[in-house]
1. Quick test for you: out of Ala133, Ala107, Ala100, pick the one residue that is in contact with a helix residue (DSSP H, G or I) (Cβ under 7 Å, 6 or more places away or on another chain) and of a type outside the set (Lys, Arg).
2. Looking at the structure I just gave you, is Pro55 without any contact (Cβ under 8 Å) to a residue 12 or more places away in the chain, over 17 Å from Val4 (Cβ atoms) and not in a helix (DSSP H, G or I)?
3. Only one of these is surrounded by fewer than 20 Cβ atoms within 10 Å (Cβ to Cβ), in contact with a helix residue (DSSP H, G or I) (Cβ under 8 Å, 6 or more places away or on another chain) and among the hydrophobic types (A, V, I, L, M, F, W, C): Leu141, Leu91. Name it.
4. Name the residue that is nearest to Tyr168 (Cα to Cα), counting only residues in the range 73-84 that are in contact (Cβ under 8 Å) with a residue 60 or more places away in the chain and among the hydrophobic types (A, V, I, L, M, F, W, C).
5. Got a number for residues in the range 169-187 being assigned to a loop (DSSP other than H, G, I, E, B) and in contact (Cβ under 8 Å) with a residue 40 or more places away in the chain?
6. Go through (1) within 20 Å of the chain's Cα centre (by Cα); (2) surrounded by fewer than 19 Cβ atoms within 10 Å (Cβ to Cβ) for Pro98 and report which single condition fails.
7. Tell me, which helices (runs of 4 or more DSSP H) lie completely within the range 102-168 with 2 or more residues that are out of contact with any strand residue (DSSP E or B) (no Cβ under 7 Å at 6 or more places or on another chain) and without any contact (Cβ under 8 Å) to a residue 24 or more places away in the chain?
8. Would you pick out the residues in the range 107-146 that are at pLDDT below 90 and more than 19 Å from the chain's Cα centre (by Cα)?
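The values are calculated or read from the model by the stated rules, or taken from the named source; none is laboratory data. Quantities reported herein were computed from a predicted structural model and do not represent experimental measurements. Cβ atoms come from the backbone with ideal geometry, glycine included; neighbour counts cover every protein chain shown.
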Amino acid sequence: MPEVVPFVVFALSGGLVPLPLTVLQILAIDLGTEILPALALAREKGEPDLMSRRPRPRSEQLITRRLLFRAWVLMGSISAVLALAVYFAVLFAGGWFPGAPVGQGDALHGTYLQATTATFATIVACQVGTAFAARTERASLRTLGLFTNRPLLGAIGVELIFVAALCYLPFLQIVFGTAPLPAWVIALLIPCPVIVWGADEVWRWIARRREARRSVETAITETTS
């Protein structure tokens with residue numbers, strides 16, 4: 001979701017807004033930063049109340065509307081908005097305006113490289129929040145413990161080192177079209193994981209309240225019938 005939206009913005013603007021993310025940067029996300037956290041999530045233990053829940057209906061599919069809403073509409077949309085916000089913040093800070101040339105040799109090319117790097121780094125930062133949120137489907141992360149999944153912590157550490165290498169090692173900058181990020185941009189990245197995880201935590205809290213209310217109503221109905 002966050003990787004697709006930049007191309008949509010570029011297409012809808014008719015090219016007035018340059019691509020917020022390059023193809024190689026997307027590959028770096030899909031093949032370089034997502035794999036290890038996804039594998040680490042497979043080591044996650046079951047939620048504390050898992051055995052007390054009713055079994056899933058046999059007709060329920062693995063990919064449900066609830067799952068799609070959570071992944072695409074909630075966390076995906078928030079990640080995309082944050083990535084684009086940081087992208088435009090870097091562009092405007094460098095003096096860009098819609099339609100200004102940013103190709104190699106143009107005055108704003110360096111600003112454009114920093115802006116796409118910022119988009120890439122923001123998406124990865126949001127991935128960290130998504131990874132922590134994905135540890136649980138309904139329960140609060142507090143009930144599991146923030147640091148109990150050590151493989152995930154290690155995977156996130158490797159992920160962040162990989163991003164830093166792409167942003168600051170000269171030979172990787174040439175390959176992936178990245179540039180060093182100024183300190184104020186890095187400061188913008190810090191709250192991104194908390195925002196994504198926090199939104200999902202609130203949504204799960206609301207879902208738990210609804211399920212508890214529904215259970216009480218069902219128990220009352222069964223008692224009075």
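1. Ala133
2. Answer is yes for this residue.
3. Result of the check over Leu141, Leu91: Leu141.
4. Ala83
5. Counting residues in the range 169-187 that are assigned to a loop (DSSP other than H, G, I, E, B) and in contact (Cβ under 8 Å) with a residue 40 or more places away in the chain gives 6.
6. It is condition (1) that Pro98 fails.
7. Details: elements: 109-133, 141-144, 150-168.
Helices (runs of 4 or more DSSP H) meeting the threshold: 109-133, 150-168.
8. Once the filter is applied, which keeps residues that are at pLDDT below 90 and more than 19 Å from the chain's Cα centre (by Cα), the range 107-146 yields Ala139, Arg142, Thr143, Leu144, Gly145.
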